[in-house]
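Novice: Supplied in structure tokens, the structure appears directly below.
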Amino acid sequence: MLGKLIKNEFKSTAHSMFGVFMAAGVTFLVMLLVFLFKVRALMILSSVVLGAIAVAVLIITMFSIISMFNKSLYGAQGYLSFTLPVTGKQLLASKTIVSLIWVSISFLFAILVSVFLVVYWVAQTSDNVKQVIQTIYDMLRSMEGMPDPQTALKFLIVMVAALFIRALFLIFKVAFSLAIANTKRFQKFNPIFIAILVYIAIFIVLSIGNVSAAYIPVNLAIGSSGIGLVLGESVIGLPGMESVFMQMPILGYIFETIICVLLYVATGNIMTDHVNIK
Amino acid sequence: MALIEVEHLTKSYGNHLVLDDISFAFEGGQIIGLLGPNGSGKTSLIKILVGLIKDYSGGAYIDGHSADPHTKAMVAYLPEKTYLPDWMRCVDAIEYFADFYLDFDREKAYGMLEHFQLPPKQTIKSMSKGMQEKLQLLLVMCRNAKLYILDEPLGGVDPAARSFILDTIMKNHPAGSTILLSTHLIYDVQHIFDSVLMIGQGKVLVKARVDELCGDGRTIEDVFKEVFHYAWQVN
């Protein structure tokens, strides 16, 4: 059933995302024509439009996620969602997975647009694009503590995992706030208003936890000789490391992972046992 | 075991008591009229049975279970509201139901779509309220469910549409299935009921088989008027 929920959830959200990705496609096409026919007057305009679309994709993704939880669960569509032969946790899991997919697509799209715009402008201003890119790459390689590509890839994977945790954390905070707002105790008030208040309250409480975690210096470090753990002043797992290129505090992410699990269980239980559909 | 069983069920909205410690049970295989004036708690009772309201005390069971995936798989529920997402077309709605309900008859649904003259590719957003209600009725009646719970299917429609809806319900529910139909429009439907449950003032006022209730030549409508006239007087 989870697979079916995900499939239908994805179909449903794709409708709100379709328009903005279509606009991006058209802009790409216009930029390509501008490049081929050397219409310099449209170069800046089309670049600005594409940049704006990338930002719009991120904003629309956030609104679609909120709407997916609010409208399809607690609005009139809740009569359909909550009478399907599935559990509250399955409903929550499907919406979370689809939200994560859209967040990933949107971020990937924003990164691709940024890279595309850089290459596009380099191509417009220089005759040898390959050489410019090689120069940028060489500059990065010569930076102090820069790891070898294999280590950099490992670190990139860790960074992506960290971004996933952060996105998941955000999604669960939204889901929990909306679930609380639709329980008997709060239903007489405006659910969106209550959800915002609950969200702010969770944000404040969890920020205290996150800030406290930041005071405990447990960092993941990347250096010229690999990836290792840094506890205070001592570096673990990086023998002979000459310099640290980048550090990432990881205790906050561990804290957020634990909170994610707790929010998932709590929201699933609220949806199953306490939510009323008006 | 009774198919529908309610034990000491109490539900209130703030200080307003809608269902006050009610208990009843119905065996399967019959058409049950859930009758009462507007605001008597019919929809609340139904929403508790299907799992849309969770803050109540007492018990409400279908096939021995409180609302859970087991009961939801066997109940075909038609709410008063139109609940399909705007972006869906008739075909999407049919595929959606076919995906989630093992008892859904896809072929029958496409046949009924044609019979109901609903354009398969038209989106819900562009449909009239009447068309949306027709589509929801189609989706519910294309399930081979054990229990159909229909909340005011005749409310707010003209007499011709009422007869069409009743006809669709009667022709399409499988033999041996149970229908719980709530309404305050008794006259049009009284002939289809095997049993009735009249609720008002938060209480069960009448629970009886139609043949027992109307043995003396009275109609259900007569009994309804008698019961609710009395109930309003004591209020």
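Novice: Consider residue B:176 carefully, then state whether it is closer than 30 Å to residue B:70 by Cβ and either part of a loop (DSSP other than H, G, I, E, B) or free of Cβ contacts under 8 Å to residues at least 12 places away in the same chain (or both).
Specialist: On the way: closer than 30 Å to residue B:70 by Cβ: yes; either part of a loop (DSSP other than H, G, I, E, B) or free of Cβ contacts under 8 Å to residues at least 12 places away in the same chain (or both): yes.
The answer is yes for residue B:176.
Novice: Does residue A:27 fit the bill of being more than 14 Å from chain B (Cβ to nearest Cβ), modelled with pLDDT of 85 or more, over 30 Å from residue B:147 (Cα atoms) and assigned to a helix (DSSP H, G or I)? It would help to see each step written out before you state the result.
Specialist: Working: more than 14 Å from chain B (Cβ to nearest Cβ): yes; modelled with pLDDT of 85 or more: no; over 30 Å from residue B:147 (Cα atoms): yes; assigned to a helix (DSSP H, G or I): yes.
Taking the combined requirement at face value, the residue does not satisfy it.
Novice: For region A:137-154, what are the residues that are among the charged types (D, E, K, R) and either at pLDDT 70 or above or touching a Leu at 6+ places or on another chain (Cβ under 9 Å) (or both)?
Specialist: At the first step, the residues of region A:137-154 found to be among the charged types (D, E, K, R) are A:138, A:141, A:144, A:148, A:154.
Answer for region A:137-154, where residues must be among the charged types (D, E, K, R) and either at pLDDT 70 or above or touching a Leu at 6+ places or on another chain (Cβ under 9 Å) (or both): A:138, A:141, A:148, A:154.
Novice: Continuing with this model, one more query. Please enumerate the residues belonging to region B:137-163 that are modelled with pLDDT under 85 and over 14 Å from the mean Cα position of the chain (by Cα).
Specialist: First, pick out the residues of region B:137-163 that are modelled with pLDDT under 85: B:154-163.
Result: B:156, B:157, B:158, B:159, B:160, B:161, B:162, B:163.
Novice: Within region B:179-192, work out how many residues are free of Cβ contacts under 8 Å to residues at least 40 places away in the same chain and among the hydroxyl-bearing types (Ser, Thr, Tyr).
Specialist: The total comes to 1.
Novice: Give the residue, chosen from A:213, A:181, that is among the hydrophobic types (A, V, I, L, M, F, W, C) and surrounded by fewer than 20 Cβ atoms within 10 Å (Cβ to Cβ). Full working, then the answer.
Specialist: Details: A:181 fails: surrounded by fewer than 20 Cβ atoms within 10 Å (Cβ to Cβ).
Result: A:213 is the single residue among A:213, A:181 that is among the hydrophobic types (A, V, I, L, M, F, W, C) and surrounded by fewer than 20 Cβ atoms within 10 Å (Cβ to Cβ).
Novice: A follow-up question, please. Taking the stated definitions as given, is residue B:164 surrounded by fewer than 17 Cβ atoms within 10 Å (Cβ to Cβ), aromatic (Phe, Trp, Tyr) and farther than 10 Å from residue B:35 by Cα? Even if it seems obvious, please write down each step before you answer.
Specialist: Working: surrounded by fewer than 17 Cβ atoms within 10 Å (Cβ to Cβ): yes; aromatic (Phe, Trp, Tyr): yes; farther than 10 Å from residue B:35 by Cα: yes.
The answer is yes for residue B:164.
Novice: Do you know which residues across region B:58-86 are more than 12 Å from chain A (Cβ to nearest Cβ) and of a type in the set (Ser, Thr, Tyr)?
Specialist: Result: B:61, single match.
Novice: Also: For region B:175-192, give me each residue that is at pLDDT 85 or above and out of contact with any Lys or Arg (no Cβ under 9 Å at 6 or more places or on another chain).
Specialist: Step one: list which residues in region B:175-192 are at pLDDT 85 or above, which gives B:175-183, B:192.
Once the filter is applied, which keeps residues that are at pLDDT 85 or above and out of contact with any Lys or Arg (no Cβ under 9 Å at 6 or more places or on another chain), region B:175-192 yields B:175, B:179, B:180, B:181, B:192.
Novice: Looking at A:129, A:122, A:115, A:86, which is the one that is within 14 Å of another protein chain (Cβ to nearest Cβ) and among the β-branched types (Val, Ile, Thr)?
Specialist: On the way: A:129 fails: within 14 Å of another protein chain (Cβ to nearest Cβ); A:122 fails: within 14 Å of another protein chain (Cβ to nearest Cβ); A:115 fails: within 14 Å of another protein chain (Cβ to nearest Cβ).
Going through A:129, A:122, A:115, A:86 in turn, just one is within 14 Å of another protein chain (Cβ to nearest Cβ) and among the β-branched types (Val, Ile, Thr): A:86.
The values are calculated or read from the model by the stated rules, or taken from the named source; none is laboratory data. These numbers were taken from a predicted model, which means no experiment stands behind them. Note that we place each Cβ from the backbone using ideal geometry, even for glycine, and neighbour counts take in every protein chain shown.
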